[in-house]
Structure formats: C-alpha cells, structure tokens
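Asker: Handing you this structure, nothing more for now.
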Amino acid sequence: MWEIGPGTGAMTREALLAGLAVSAFEIDKGFAGFIRDAYGAVPDFELYEGDFMKTWKQALAASGPPALAFGNLPYNAAGAIIATLIEGGIKPPRMVFTVQKEAAQRMTATPGTKNYAAFSVLCKSVYRVKAAFDLPPGVFWPQPRVVSSVVVMDLRAEATAVPFAGDRAFTGFTRACFSSRRKTLRNNLKAAGFSEAELVEACSSVGVSADQRAETLSPEQFSSLFIAIKRDNTSS
C-alpha cells in the first residue's frame, strides 16, 4: 500500500502492525528522519523522501501499483496528488484520504450543485466517492485553520461506464467545459478551439444541448460528448 504524507508515522505504525507492506512518501525532512529511524529496518517498508509528484514513478517501478492508497494529504497539493494517481493509471481499488473539507465537497459533489466541477468528474468517473466524517482542527498538531474530511474512494465496478476515465485528454476536455461556470458548453468549447458546427452535432448525437452549462452533465454524459467530438474530429 502507499501512504502519502505520513506525518508523525502513527498510521505507518498501525499499517505495519497489521502486517501490511507499506511504501511511505514524506516530503518533510524532519518527519522523514523520524520515520526512517523508527521503521527503516522493518521488512516490507520503504520510504520515499521528497515530493510525491517526483517520486511516485520510482515506487511504481519498484513494487508495482498499490492495493490501497491512504494518508493525510497536504491541503495545497491534495487535488494534484489525487489527479496524478488517477491520470497516472495507478487507480488502487480503494483510496482513503484526509483532505480539506472544501476539497471533499468538490470530490463528492453531484451534477447541478455549486461544488460540482471538473475535479468532481475526474474523481467520480473512476471512483465511488463518499465523505466518511469530518475532523475538527483540534485533532491535529499544529492545528490548521480549516475543518478536514476523511474521504473514501472505491473503484467503480462498472469501469466501462465512463470510457476514457482518467485519460488526460478527457480531463482536459472536462476542464475546458468548466473553464467559465457561467458560460454554456457552446461558449466554453468554442473558446477552447472547437468549431460550433462539430460541437452542436456532437451534442445533438448524445442528447445534450450545446446551451447547457457543464455543471448539469454527469460523468457519463461528459464521456459520451467527448467520444462524439473525438469521433467527429477523427472523421473530418
């Protein structure tokens, strides 16, 4: 399993006591030194010191994809870390992370709600996402100024429901659709370089209006629209 952002090593200890093989990622030199001294000699433990975004490929090459990923993610990098896992093709069956509550709200948001965004589509096209519980600032040291949430992500069984889920091109497409929340698909995608004719034809073919806003589409609808536009571009 991969533990991202172990911090004091409490979760590391519990995982190792449970007999699990752990690859831990820690960017803080002080915490990394503590963890190395405490668990460095333990079998089935590996520490990757430094930025996760720069070390995950090394861990993947050494031991393959993990069966589980978990940890207290740094608030300013949580979205990038989760996106890297999904777009990097890691996709463990279950991921459990502590993130800032606002991030959890985006991850679990449904179409038509104010928190629904391209990041929601990325997470929910691959995983079933739920917020398990909140954690007040007082349970951490030092105390953050925000409320945290524990988010559980279970890999969707119907993986084919959203073709291209996790594909960077698909992610880029959804981001373009959400580039301006107040604008329609027509306006956002025209600004991204799509012709109006191909956009209207693709939308019509999948039962979506070009005058809808991105926040009204489900991950499945985004996937269908992406495939239709991709097909039109290939045939033209």
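Asker: Tell me the residue from W56, W2 that is in contact with a strand residue (DSSP E or B) (Cβ under 6 Å, 6 or more places away or on another chain) and surrounded by 15 or more Cβ atoms within 10 Å (Cβ to Cβ), please.
Answerer: W2
Asker: With (1) touching a Pro at 6+ places or on another chain (Cβ under 9 Å); (2) farther than 20 Å from V147 by Cβ as the list, and E87 as the residue in question, which single condition is left unmet?
Answerer: With (1) touching a Pro at 6+ places or on another chain (Cβ under 9 Å); (2) farther than 20 Å from V147 by Cβ applied to E87, the lone miss is (1).
Asker: Exactly one of (1) at pLDDT 95 or above; (2) more than 23 Å from L122 (Cβ to Cβ) is unmet by A59. Its number?
Answerer: (2)
Asker: Examine the range 91-105 for a residue that is within 15 Å of the chain's Cα centre (by Cα), within 23 Å of A176 (Cβ to Cβ) and crowded, with 21+ Cβ neighbours inside 10 Å, and state whether such a residue exists.
Answerer: Yes, the range 91-105 has at least one match.
Asker: Something else: Hey, among F164, F140, which residue is surrounded by 13 or more Cβ atoms within 10 Å (Cβ to Cβ), touching a strand residue (DSSP E or B) at 6+ places or on another chain (Cβ under 9 Å) and among the aromatic types (F, W, Y)?
Answerer: None of the others qualify; the one that does is F140.
Asker: Scanning for something farther than 22 Å from A104 by Cα, among the aliphatic types (A, V, I, L, M) and either assigned by TED's automatic domain parsing to the domain that holds K101 or loosely packed, with under 14 Cβ neighbours inside 10 Å (or both), does the range 217-229 turn up at least one residue?
Answerer: No, the range 217-229 contains no residue that is farther than 22 Å from A104 by Cα, among the aliphatic types (A, V, I, L, M) and either assigned by TED's automatic domain parsing to the domain that holds K101 or loosely packed, with under 14 Cβ neighbours inside 10 Å (or both).
Asker: Is at least one residue of the range 206-218 of a type in the set (A, V, I, L, M, F, W, C), within 14 Å of the chain's Cα centre (by Cα) and closer than 30 Å to R94 by Cβ?
Answerer: No, every residue in the range 206-218 fails to be of a type in the set (A, V, I, L, M, F, W, C), within 14 Å of the chain's Cα centre (by Cα) and closer than 30 Å to R94 by Cβ.
Asker: Follow-up question, since we're still on this one. Being under 18 Å from G9 (Cα atoms) and either among the basic types (K, R) or within 20 Å of the chain's Cα centre (by Cα) (or both) is the filter here; which residues of the range 135-150 pass it?
Answerer: Answer for the range 135-150, where residues must be under 18 Å from G9 (Cα atoms) and either among the basic types (K, R) or within 20 Å of the chain's Cα centre (by Cα) (or both): just V150.
Asker: Hey, can you tell me all the residues within the range 29-49 that are within 21 Å of Y75 (Cβ to Cβ), modelled with pLDDT of 90 or more and surrounded by 15 or more Cβ atoms within 10 Å (Cβ to Cβ)?
Answerer: Within the range 29-49, A32, I35, Y48, E49 meet the criteria.
Asker: Could you check, for the range 127-147, whether at least one of its residues is modelled with pLDDT of 95 or more and of a type in the set (S, T, N, Q)?
Answerer: No; the residues of the range 127-147 include none that is modelled with pLDDT of 95 or more and of a type in the set (S, T, N, Q).
Asker: Restricting to the range 167-182, name every residue that is outside any helix (DSSP H, G or I) and over 15 Å from I86 (Cα atoms).
Answerer: Hits for the range 167-182 are F178, S179, S180, R181, R182.
Asker: Looking at the range 97-109, is at least one residue closer than 21 Å to W2 by Cα, among the β-branched types (V, I, T) and in contact with a Lys or Arg (Cβ under 7 Å, 6 or more places away or on another chain)?
Answerer: No; the residues of the range 97-109 include none that is closer than 21 Å to W2 by Cα, among the β-branched types (V, I, T) and in contact with a Lys or Arg (Cβ under 7 Å, 6 or more places away or on another chain).
Asker: Counting only residues that are free of Cβ contacts under 8 Å to residues at least 12 places away in the same chain and part of a loop (DSSP other than H, G, I, E, B), which one in the range 141-160 is nearest to M95 (Cα to Cα)?
Answerer: Top of the filtered list is A157.
Asker: Please work out if D211 is at pLDDT 95 or above, of a type in the set (D, E, K, R) and either more than 22 Å from G112 (Cβ to Cβ) or not in a helix (DSSP H, G or I) (or both).
Answerer: In short, yes.
The values are calculated or read from the model by the stated rules, or taken from the named source; none is laboratory data. As the structure is a prediction and not an experimental result, all values here were calculated from the model. When we count neighbours, we look across all protein chains shown, and the Cβ atoms used for this are built from the backbone with ideal geometry, even at glycine.
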